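Note sheet for the following structure.
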Amino acid sequence: MTGLSANAAAGRRALHAYSILHTTDLDEARKGVSEVFSPHELKIVRRDERFDTYMSHAPMGGISINRLRYGASVDIDVGCTSEFLLVMMPLSGVADVRCGEQSVRSTPEFASVVSPTLPLQMCSRYDADQIMVRIDRELIERYCMQHLGHDLRRPIEFELGMNLSGSAGASWRSLIRYLVAELDRGPKNVFTSPLTRVHVEQLVVSTLLLTQPNGYREELLQPARPIAPAYVKRVETFIQSCADQPLTIGDLAAHVGVSASTLFAGFREYRKTSPMALLKSVRLQRAHDELSNAEPGTISVTEAALRWGFTHLGRFASDYRRRYGELPSDTLRH
């Protein structure tokens, strides 16, 4: 086998110890897969093929390594995953994947990278058996901002196709092959430590950001900027901890003992943004988190917006959609 696994036997064993689902029932398969990924439509294409779903799930903090096969050809309509990015790497077989305006035929030599803000549709063929790497959207956005040193101006969207035979794709495949092999070592693998999992998260996200074409890749590959002054970092920390308070530029400047003009200049030079733009971004993230995690009927979009300082609801909805690819009401409904 030329794909993720080193040989056919290893491919058959991959993640076997993490099995969470084995069923021939369509509704049970849809429910089980939805619990790991997201709600979706699932239809069998050919009734003469044996539907026999198998899934493994190995969570590691903000990422998880999964294995999924259906046994029969199925059509899947997800819509936007919204909360996570998905890299699908066939061990064997073929899957036809459409994400936004891009389409690819995914094989053991050609993976697919599904962006959270773009609608996903796919046909998984009867012989498709895939390793799927799920990455929390919040995690990848946070690491991207840390690398860039400034807020994201638009959602992170990746090129759909990943050539696993190319130099960049081979680096990604080698990393995932190592993670799968280590997980298959059993309960004593190195990922049982929370400390190790943090490093795995960082390695997986950084490797994907730097190897797979995306809207920020060229900027990420630029030489590192000079280290920002301490007052810039202190204001960033202050904003993170006090975003729910009615802060002004004067409050921020007074907190670190510099003038407002110095603070503006520092953020412009080292963060390519302004202090108040960062405050708005953090508040937008908090509103998104609140809407994403709310129990049905416990909060409204208006309440979340006002709690985080957004008094102009139309502008809030516009900024929210530009950042997350959907309206606040869509997040709350999902």
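Values quoted throughout were computed directly from the atomic coordinates according to the rules given, and no laboratory measurement underlies them. Worth saying up front: this structure is predicted, and the values here are computed from it rather than measured. Methodologically, a virtual Cβ is constructed for each residue, glycine included, from the backbone with ideal geometry; neighbour enumeration extends over all protein chains shown.
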Karplus-derived 3J(HN,Hα) from phi for segment 140-147 (6.51 cos²θ - 1.76 cosθ + 1.60, θ = phi - 60°), whole Hz, x at Gly and Pro, runs 5, 5, 5, 5, 5, 5, 5, 5
For segment 86-162, with the dipole built from +1 on Lys and Arg beta-carbon atoms and -1 on Asp and Glu ones, taken about the Cα centre, which of V97, G161, T117 lies farthest toward the positive end?
-> T117
At 25 °C and 0.890 mPa s, what whole-number value in µm²/s does Stokes-Einstein give for the translational diffusion of segment 230-333, with Rh from the Kirkwood sum over Cα pairs?
-> 169
Segment L26-S206, extension gain: residue separation times 0.36 nm, minus the distance between their alpha carbons | 61.2 nm
Segment 292-309 - phi-based ³J(HN,Hα) in whole Hz, Karplus 6.51/-1.76/1.60, Gly and Pro as x | 5, 9, 5, 6, x, x, 8, 7, 10, 4, 4, 4, 5, 4, 5, 4, 9, x
Computed from the mean reciprocal separation of all distinct C-alpha pairs, what Kirkwood hydrodynamic radius does the chain have, in Å?
-> 21.6
Inter-centroid distance (Cα atoms) of segment 193-267 relative to segment 135-181, Å | 19
Rg and Dmax of segment 71-214, using alpha carbons, in Å: what are they?
-> 15.4, 46
How much net charge surrounds A260 when only other residues with a Cβ under 14 Å from its Cβ are counted (Lys, Arg +1; Asp, Glu -1)?
-> 0
Between A254 and A170, Cβ-based FRET efficiency (R0 30 Å, step 0.05) works out to 0.05
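Grab the chain and count how many Lys pairs have their alpha-carbon atoms under 25 Å apart, sequence gap of 8 or more, or different chains.
Pairs that pass both the separation and distance tests number 4.
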Sequence-distant or interchain residues sharing an amide H contact under 5 Å with G161, placed H: which?
-> V113
Under 5 Å between amide H atoms, partner at least 5 residues away or on a different chain: which partners does I20 have, H built in plane at 1.01 Å?
-> M55, S56, H57
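Counting Lys +1, Arg +1, Asp -1, Glu -1, what net charge surrounds T196 among other residues with beta carbon under 14 Å of its beta carbon?
Charge balance near T196 sits at +1.
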Spelling it out for F84: with amide H atoms placed in the peptide plane at 1.01 Å from N, the residues 5 or more places away or on another chain with amide H under 5 Å from its amide H are R137
Step through the residues of segment 104-117 one at a time and calculate ³J(HN,Hα) from phi using the Karplus curve (6.51 cos²θ - 1.76 cosθ + 1.60, θ = phi - 60°), rounding each to whole Hz and writing x for Gly and Pro.
-> 9, 9, 8, 9, x, 10, 8, 7, 10, 10, 9, 7, x, 8
For the chain, what is the calculated [θ] at 222 nm in deg cm²/dmol (nearest 500), taking -39500 (n - 2.57) for each run of four or more DSSP H residues and dividing by its residue count?
-> -13000 deg cm²/dmol
